[in-house]
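Shown next, in structure tokens, is the structure this report addresses.
The values are calculated or read from the model by the stated rules, or taken from the named source; none is laboratory data. Since we're looking at a predicted model, the values are computed, not measured. Neighbour counts run over all protein chains shown; Cβ positions are idealised from the backbone, glycine included. Side chains included, ligands, DNA and RNA excluded: accessible areas come from the protein's heavy atoms. Shrake-Rupley method; radii C 1.70, N 1.55, O 1.52, S 1.80 Å.
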There are 2 protein chains.
Amino acid sequence: MPTPREVFLSALRRQPVPRTPWWVMRQAGRYLPEYRAVRGNHQFLDMVRDPALAAEVTLQPIRRFGMDVAVIFSDILVPCAAMGVDVRFEEGEGPKLAPAIRTRADVDRLRDFDAARDTAFLGDAIRRVRSELGPDRAILGFCGAPWTTASYFVEGGTSRNFEHAKALMHGEPATFARLCERLVDNLVPYLAMQVDAGADAVQIFDSWGGALDARTWREHLLPHVTRLVRETKARTRVPIILYVNGASQLLEVLADSGADAIGLDWRVDPVEARARIGSRCAIQGNLDPTILFASPEVVEREARRMLEGFAGSTGHVFNLGSGILPGTPVASMEALARVLGSVPLGGAR
Amino acid sequence: MPTPREVFLSALRRQPVPRTPWWVMRQAGRYLPEYRAVRGNHQFLDMVRDPALAAEVTLQPIRRFGMDVAVIFSDILVPCAAMGVDVRFEEGEGPKLAPAIRTRADVDRLRDFDAARDTAFLGDAIRRVRSELGPDRAILGFCGAPWTTASYFVEGGTSRNFEHAKALMHGEPATFARLCERLVDNLVPYLAMQVDAGADAVQIFDSWGGALDARTWREHLLPHVTRLVRETKARTRVPIILYVNGASQLLEVLADSGADAIGLDWRVDPVEARARIGSRCAIQGNLDPTILFASPEVVEREARRMLEGFAGSTGHVFNLGSGILPGTPVASMEALARVLGSVPLGGAR
């Protein structure tokens, strides 16, 4: 019987598996009472930078629900801080980055960081997770995609419309491209460091990629994402998942990136996605996370429907279509665990 | 030479036109200094309910830029207030509706309103616009789509994730359907009143429709939108535009609604949209509104590219892919007016 780790990695490689592996984006987080207990009065970024705390909350959902994959508790803005920009999370607001990066001089002032030294806490957290997790489950590392990360730099935080980032992209494409190049230069060794520490696969999060049409994504982002994927694979040999929230107009472009798997938001029909992506990539997703606010019966019904939508094709990793929402009932996650047939860490399958 | 009104209406009917007609969603608004001068200390909803003020700001962009269409200054939440829910716009925040509508009893308590009496200010504003606009330009009325309006009711305001509205839809579909039915019952006479007052066409705004996958939209919304379109057409005989922000996964479903035109956000490729929608509907859109934050040269280039993308097919109305953003430079709108070859109200073509 293959281990959960093997099932996950086989699915990412589009090899036959005895069951569908699963994990949930943001599975370590606020919907869990044990997370809130650990969180206490800690600042979010202080938890990310504390290997013991980060490892503990990474493991919590595996102990309770038994996902196949432990996604390391971290944040896509960790590299932004390491590149010399001040990153703050104010309670109840999105992150704030200062200064905003909007000119060629701003881009040039960014610092290249040494992942093993400047983000050592992340490697330490991954090693701690492996120690408790054992060899049978997978660890997933991650980073933000060039567009998403660049938009945080240019906007100085989250944005509703990305006016500044898009104006830079369309109005000063060379400066925008240089920003993306510097990001990729730093993200490749950052992902490689996570793999060196024990990550079995990595995910590139393009959380805001859905704000772009396919022509724009192909012209301004695909070269950078392709290089990020290619160089990371050359260094690490691990499978790479490219997740985009709002991907329905982008599927063909994303499949051109060379990623092993495409992570889909809930708006995309699984059958259509498989037809459009073809056999080039595995698919991860894509239950609407708001379904988890309905009753456990509805959650089970919709999760089964999702599995059936991907049935008959290899290469599916079950996930939500975006991160699990604060306030999600624990009973809904228990319903998912039942449907996926998973066994809590420490339990017997 | 056909009038701008005729050009717009012909394009909506997919008849040949000598040039592409245009207007811009939210064209009456905050990016204009003359709007801010009129707005002064008025509350937003007070302006909507004052026919003289609403007519004045409706006309402002036509005087300056000469669009073919005057979209009446109003709000999709006007019918919510008329149905007995308290609607407030706090400065710098989204609208707040109270009480939230979440149970069958809540739905039953909503009031059926008399559009000619309870929203007389809107009919008066349309008549005032016609008086100054003259017969040669079109007036567009509008309402919110069932999903978008229902989500405001259920969430009690704007929402990032629509947890409550989606949980109601999936968990208590009969209650959700009843809410949509009551909305359509009230929206048909509301749109008919606008046409009686002088509107040449109406647009149904599904601003949050992009939060749904196609199966969900087809199962839970299409019946209500189809009835809204069918009954409004039967009463008014005017063309109907169905606009959805985030429509890339929904095009085929939207075309099944019976609407004359589909309004597209900027993420959808025009050529692909035409291929997927076919000849059933005209297409309205779809320049990314953030392009208007780049230089006038970039705005002109991208607007021409957009026109070329739709070239060779009848039935295109130029617009942005979503509402014009606050802070948009007036020079960008001037660039659009140049590309579209429009003549300010009172000027000579």
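Some points to look at:
- The residues of chain B expose, per residue, 36 Å² of accessible area to a 1.4 Å probe.
- Rounded to 10°, Cα long-axis angle of helix A:173-197 versus longest principal axis of chain A: 40
- Rounded to 10°, Cα long-axis angle of helix A:51-65 versus longest principal axis of chain A: 40
- A probe of 1.4 angstrom, applied to the heavy atoms of all protein chains, finds A:Arg137 with accessible area near 20 square angstrom.
- Three-way shape label, region A:279-326, alpha-carbon gyration tensor, a/c 1.5: oblate
- FRET efficiency for the pair A:Phe44 and A:Asp185, taken as 1/(1 + (r/R0)^6) with r the Cβ-Cβ distance and R0 = 25 Å, rounds to 0.40.
- Within the listed set A:Glu308, A:Glu334, A:Glu155, the Gaussian network model of chain A (springs between alpha-carbon atoms below 10 Å) gives the highest mean-square fluctuation for A:Glu308.
- A:Glu272 label point (Cα plus 7 Å toward Cβ) to equivalent points in the other copies: 1.0 nm, shortest first.
- By DSSP, the beta bridges lying fully in the protein assembly as shown are antiparallel in about 15 percent of cases.
- Percentage relative contact order, chain B, counting C-alpha pairs under 8 Å, at least six apart: 22
- Looking at chain B, the DSSP beta bridges with both ends there are about 15 percent antiparallel.
- Hits among lysines - C-alpha to C-alpha of A:Lys166 under 21 Å, sequence gap 8 or more where chains match: A:Lys96
- Basic side chains Lys and Arg get +1 at the Cβ, acidic Asp and Glu get -1 at the Cβ, and with that the dipole of chain B about its Cα centre reaches some 600 debye.
- Between A:Thr314 and A:Arg19, residue separation times 0.36 nm minus the direct Cα-Cα distance comes to 105.2 nm.
- Rounded to the nearest whole Hz, the Karplus-based 3J(HN,Hα) values (6.51 cos²θ - 1.76 cosθ + 1.60, θ = phi - 60°) of region A:8-14 follow the sequence 4, 5, 5, 4, 4, 8, 6, with x at glycine and proline.
- Amide H to amide H, with H built 1.01 Å from N, A:Gln284 comes under 5 Å of A:Ile262, A:Gly263, A:Leu264, A:Val317, counting only residues 5 or more places away or on other chains.
- Model label zone, B:Arg127; criterion: amide N under 20 Å from point 7 Å along Cα-to-beta-carbon; scope region B:38-70: B:47-59, B:70
- Cβ-vector label at 7 Å, A:Ala37, separations to other copies in nm: 6.5
- Sites A:Glu93 and A:Glu219 - FRET efficiency at Förster radius 25 Å, r taken between beta-carbons, to 0.05: 0.15
- Point-to-point label distance, B:Glu34-A:Arg160, nm (Cα→Cβ direction, 7 Å offset): 2.5
- For B:Ala70, nonlocal amide neighbours, meaning residues 5 or more places apart or on other chains whose placed amide H falls under 5 Å from its own, are B:Ala138, B:Ile139, B:Leu140.
- Dipole orientation for the protein assembly as shown: of the candidates A:Val253, B:Val129, B:Asn186, A:Val253 has the Cα lying most toward the positive pole (charges on Cβ; Lys, Arg +1; Asp, Glu -1).
- Gap separating the Cα centres of region B:311-349 and region A:308-342, nearest whole Å: 45
- Measuring with a 1.4 angstrom probe and ignoring ligands and nucleic acids, A:His316 comes out at about 10 Å² accessible.
- Label geometry 7 Å along the beta-carbon vector: A:Arg104 inter-copy distances in nm: 6.8
- Region B:187-213 and region A:150-204: distance between their alpha carbon centers, rounded to Å: 40
- Neighbour net charge for B:Gly157 - beta-carbon separation under 12 angstrom, K R +1, D E -1: -1
- Look at the stretch A:157-170: the mean tally of other chain Cβ atoms within 10 Å of its residues' Cβ atoms is 4.
- Most mobile listed residue (A:Val244, A:Val154, A:Val107) in chain A, GNM with C-alpha springs under 10 Å: A:Val107
- Chain B: angle of helix B:296-310 to the longest principal axis, Cα-based, in degrees nearest 10: 70
- In region A:24-110, GluC sites (Glu not before Pro) in a DSSP loop with at most 16 other beta-carbon atoms within 10 Å: A:Glu90, A:Glu91, A:Glu93
- Here's the picture: charge each Lys and Arg Cβ at +1 and each Asp and Glu Cβ at -1 in chain A, and of A:Pro329, A:Val107, A:Gln43 the one pushed furthest to the positive end of that dipole is A:Pro329.
- Chain B residue nearest by beta-carbon to the axis mapping B to A, with distance in Å: B:Ser248, 2.
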